[in-house]
Amino acid sequence: MFASKYNPMTGKNEWIVTNKDYDDMETDLSQEFSRSHYGDTVHDTERKYYYGLHWAICHWESKGVEPRVLDIGTGTGLLAMMAGRWGATNITACEVLSPMVKIAKEVVKVNGYDKVIKIINKRSTELTVGLGKNRCG
């Protein structure tokens, strides 16, 4: 398995091969994910703000339309929670990696967004959206 590790000599994260024998696969993988590349995304709030999420939510709300947000590859759920913070109440987040789904559900619940964010453990290509489907409608 590959894992991201901080290199103090270069000041960057680098991919390394790990040869760990995981006894409790889900718990151990959760630890690996928390140490991996998700940190870069978690601290990248400026890009998320300016890439249009905040604008889109405000735009549709100003027209009297309830914004529907689909967060593909939610990771820790940060982007979905930002959508909730900006007023979206119909948020679907999908993530293919089961350990990340578990982490995201816990993070979303602890932060009080579990009533507006539905996290689905699927590939985005397997998701069906629309009225009466997985959510988003």
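The values are calculated or read from the model by the stated rules, or taken from the named source; none is laboratory data. All of these numbers come straight from a predicted model, not from anything done at the bench. In this analysis, Cβ positions are derived from the backbone assuming ideal geometry, glycine residues included, and neighbour counts consider all displayed protein chains.
For the range 85-107, what are the residues that are within 22 Å of residue 52 (Cβ to Cβ) and either in contact (Cβ under 8 Å) with a residue 60 or more places away in the chain or not in a loop (DSSP other than H, G, I, E, B) (or both)? Passing the criteria: 85, 90, 91, 92, 93, 94, 104. Just to verify a result, which residue in the range 108-137, among those that are part of a helix (DSSP H, G or I) and either polar (S, T, N, Q) or crowded, with 21+ Cβ neighbours inside 10 Å (or both), is modelled with the highest pLDDT? So the residue we want is 108.
In the range 40-53 there is no residue matching the filter, namely being assigned to a loop (DSSP other than H, G, I, E, B) and at pLDDT 90 or above.
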